[in-house]
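The values are calculated or read from the model by the stated rules, or taken from the named source; none is laboratory data. Values in this document were obtained by computation on a predicted structure and should not be read as measured data. We place every Cβ from the backbone using ideal geometry, glycine too, and count neighbours over all the protein chains shown.
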Amino acid sequence: MASLRDIRQKVKGVATTQQITGAMKMMSTARLGKAMEAINLTQAYISKLTQMVQNIKRALPDYQHHCLTAREVKKNCLIIIGGERGLCGGFNHELNRFALKTVREYNPATTKIIVIGRKAVRYLEHKEVHIDSAFPDLNLKSIDTELFDVSEQIFALYKNQEVDEINIVYTSFASPVKKYLTMTRLLPVDTSSLLPEKKGKNQPCFDFNPSPDALFDELMPRYLRNLLYRAILESSAAEQSARMTAMTSATDRAEEIIEDLKLDLNRGRQALITREISEVIAGSQA
């Protein structure tokens, strides 16, 4: 059995760890709230962009644009959004395994791999997956300054016909207790999700100035950038949610360990007192 001194040191060490996990839990909770607020704000902006595209499609049902028209897929682009840090349970492990499985379903000779997030970059490099572009430091702190250039590079790949389809792999955030791995197509845009209801009598007619081509050339990069922005926000929110859950479990477990150690400490002290009393009695009898 460990000495009383060793047990006291273990109690002190576990209590220090409990303070750290408790602080990380509070930080994750605060960051999760900010991420959820940003997701709600982004959704309003994307809804307005979608409405503008719907207005154009309603007025010009036969209009075609390269961002809305599917073409024969000869080259693919796969964007993977991973985590920034560890200590978040199985979040990074599950996303990395799903991403690796998805990557291996594509032909590496005709697929461009773009990875965002430090954990995903390290994992895929360890698995010897060829990464065309890596952005390990793109996170919520630098997203306002770096996302524009990243989205422009991605949009240029499709516009210049270097790729025929762009898909994104990330952890979608539904609620603090519900998140799931998903792969979504960014380009070409699924027109079925943009087609509005049939034109009614009270719906306005639009005159386009500049032309629909010029409007779409302005709208589509913004649309892509905000979808990518939302995916990064959801991935960050899912990571913070997973970390909050993991730190809550760690804090609770630390409390249980402390209680067990205190029980062992009390038992050890009681055994020591009992032994000393027995020695005194034995000595008096002798």
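List of remarks:
- One residue from CYS67, CYS77 being buried (at least 16 other Cβ atoms within 10 Å of the Cβ), touching a residue at least 24 places away in the same chain (Cβ under 8 Å) and not in a loop (DSSP other than H, G, I, E, B): CYS77
- Residues in region 134-167 that are part of a loop (DSSP other than H, G, I, E, B) and either of a type in the set (Lys, Arg) or over 19 Å from the mean Cα position of the chain (by Cα) (or both): LYS141, ASN160, GLN161, GLU162, VAL163, ASP164.
- Some residue of region 154-166 being in contact with a strand residue (DSSP E or B) (Cβ under 6 Å, 6 or more places away or on another chain), modelled with pLDDT of 85 or more and more than 30 Å from ARG58 (Cα to Cα): no
- The sole residue among GLU259, GLU234 that is of a type outside the set (S, T, N, Q), modelled with pLDDT of 80 or more and in contact with a Phe, Trp or Tyr (Cβ under 8 Å, 6 or more places away or on another chain) is GLU234.
- Residues that are of a type in the set (Ser, Thr, Tyr) and within 27 Å of ALA120 (Cα to Cα) within region 205-250 comprise TYR223, TYR229, SER235, SER236, SER241, THR245, THR248, SER249, listed in sequence order.
- Residue, nearest to the chain's Cα centre (by Cα), within region 110-133, restricted to residues that are acidic (Asp, Glu) and either in a helix (DSSP H, G or I) or loosely packed, with under 12 Cβ neighbours inside 10 Å (or both): GLU125
- Enumeration of residues in region 256-269 that are loosely packed, with under 14 Cβ neighbours inside 10 Å and touching a helix residue (DSSP H, G or I) at 6+ places or on another chain (Cβ under 9 Å): LYS262, ARG269
- The set of residues in region 80-109 that are touching a residue at least 60 places away in the same chain (Cβ under 8 Å), small (Gly, Ala, Ser) and assigned to a loop (DSSP other than H, G, I, E, B) comprises GLY82, GLY83, GLY89, GLY90.
- Consider region 1-56 and keep the residues that are within 30 Å of ASN266 (Cβ to Cβ) and touching a Lys or Arg at 6+ places or on another chain (Cβ under 7 Å). The one that is surrounded by the most Cβ atoms within 10 Å (Cβ to Cβ) is VAL11.
- Scanning region 233-258 for residues that are without any contact (Cβ under 8 Å) to a residue 12 or more places away in the chain and of a type in the set (Lys, Arg) turns up just one, ARG253.
- Those residues of region 167-196 which are touching a helix residue (DSSP H, G or I) at 6+ places or on another chain (Cβ under 9 Å) and at pLDDT below 80, in sequence order: VAL189, THR191, SER193, LEU194, LEU195, PRO196
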